[in-house]
Amino acid sequence: MKKAGYYVRVSTGRQEKEATKESQIDELERRIAKDGNILLPQNRFVDDGWTGEMLARPACDMMRDAARRKDFDILYAYDRGRVSRKFAYQELIIDELTDAGVEFLSLHDINAVTQEEHVLQSMQGVFHEYERVKIAERFRRGKLFKTRDGKLLGYNAPYGYTYVLKSGTINGYFVINEEEAEIARKIFYWIGNEGYTIRKVIKTLYEEGIPPQKGKKEYWVKSVIDRLVRNRTYIGEHHYNKTEAVVPKRTLTDSKYKKVKRCSRKLKPVEEWIKCEVPAILDERLFNKVQAQLEKNSKFASRNKKHDYLVNGIIRCNCGHSRVGQPSGTQFYYRCSERIYNYPLKPVCKEKGINADVLDGIVWGKISKLLRDKGLLKQQAKRWLSTRNQVVNNDTEIEQIKAGLTSLDTEEERYLKVFGQGLVNIDVYEHNNKDLNKRRENLLAKLKEKESETNRRQDIPSLTIEELADRAKKTISELNFADKLEIVRKLVNQVVGNQEAVLVTGYIPITIKEKNVTYKPIHRHRRTTKCRKINSF
């Protein structure tokens, strides 16, 4: 009799509705009972609605930690694909269990004992990953085929429309939701004919008691309105295959766990869009007026006033929200953006603005002092010169890249010949051609990089450490704002604080005593704040 645990994962809303989670659990518990093992409540690990592409999952991490603590002796899973859809992640987790002395048992895969069975088990793991890719590709191509044939597939219809599901031989289609459509027309009218900004639209909707479609909040947000008024579906031009899911470059939260890996979207090239005819809610003339007004609003927005903010984009308030540059009379401040995100509600954060000129001056003063340090400059100059003086021969790599380009040209001619003989269809030919072009672009980029590196090494004159350090010191003192901004964004990770104290953190690889900057207000004779005395420690 052994202490047992099980791991269950379902990834999609459809799986949850079809109760595959419950069916997995039922089968696992019956097998554990049949084997005569003991299942304790704390050894039940379930990730509900988590993709198998990602390794970081709450219940999976708990299970791995419990295995290290020897909380169970054997772990049951429905199959290897539940542990992960990626073969490498499957092997990693199973190896961790084995190293911890925990047996892994899959109900629907071979459970290896001999070396031959280990190889076969690994092949099954590869098949699980292949199966995921195959299913995804089949769905993608099927959707494209049906959409090109004029069919609207299962949609969350845009605001103002309702999607009618397919019934028999009648394909799915959009119908106008008159109640929502009237509100959409109001929004377009306010911007196109009354010159409203998006913020004013949000405020007006809030004052009139019109909630957004999903009703999670009582007020609309800027991103929703912005997408709505730029959507050409409202003039009868709906597009499918317009965007694709991608991994975000920047995440809005620092959460370790994310249910979906590709949780951001980007536009595809226009030529890949598939146009679908839908009923129009408003005429094209009003739509074009709105686009012109949006461009005008953006051009004359207050944020475009000419002032340079050095730490804009990396400065945050103590409440957790970012600070944004904003003028006030002749002064410029970094103010908490919480009031923007909660608009039109009253702001919750009570922190005051930080004088931008004062903060920027202190931040750059500290950075430039470090960058102009003679000892540090000599260290960096010595390191750079040692790299500069190394004999680097790129000729072999350049010749290999050129040979690869020649091979791609030959491959392209072969594909063209096969297509010309009618041995493959246009879809296969275009897919292979697209792959060839991508590989060619990568090789050309590498070739350009290697040739540029060779040219740089030939063009840079020989300098001593002293000469290089002196030249760098002089260059730092002559930097313009754009250069300073680039340096700050490379070195500074985050600026957090208020009028009283600001903490600057970054990537400068030396010990710095000056960590904080404090502001001590003198006093006020009127509403405009007077200059402050600044102390650093």
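The values are calculated or read from the model by the stated rules, or taken from the named source; none is laboratory data. Keep in mind it's a predicted model, so treat the numbers as computed, not measured. FYI the Cβ positions are ideal-geometry reconstructions off the backbone, even for glycines, and counts take in every protein chain you see.
Determine whether V363 is out of contact with any Cys (no Cβ under 7 Å at 6 or more places or on another chain), part of a helix (DSSP H, G or I) and assigned by TED's automatic domain parsing to the domain that holds G497. Spell out the reasoning first.
Numbers: out of contact with any Cys (no Cβ under 7 Å at 6 or more places or on another chain): yes; part of a helix (DSSP H, G or I): yes; assigned by TED's automatic domain parsing to the domain that holds G497: yes.
So V363 passes the test.
Counting residues in the range 21-34 that are at pLDDT 85 or above, of a type in the set (S, T, N, Q) and under 30 Å from K134 (Cβ atoms) gives one or more. Taking every residue in the range 307-321 that is under 14 Å from G361 (Cα atoms) and pairing it with any residue that is at pLDDT below 85, at least 6 positions away or on another chain, the pairs with Cβ-Cβ distances below 6 Å are D308/F481; Y309/G325; L310/V488; N312/G325. Looking at V358, is it within 30 Å of I476 (Cα to Cα) and either of a type in the set (F, W, Y) or modelled with pLDDT of 80 or more (or both)? Against the criterion (within 30 Å of I476 (Cα to Cα) and either of a type in the set (F, W, Y) or modelled with pLDDT of 80 or more (or both)), V358 qualifies.
Among strands (runs of 3 or more DSSP E) lying entirely in the range 433-537, which contain 1 or more residues that are surrounded by 15 or more Cβ atoms within 10 Å (Cβ to Cβ) and at pLDDT 55 or above?
Numbers: elements: 492-497, 501-506, 516-520, 533-536.
By residue number, 492-497, 501-506.
Of all residues in the range 322-360, those satisfying the criterion of being touching a residue at least 24 places away in the same chain (Cβ under 8 Å) and assigned to a strand (DSSP E or B) are R323, G325, Q326, P327, S328, Q331, F332, Y334, I354, N355.
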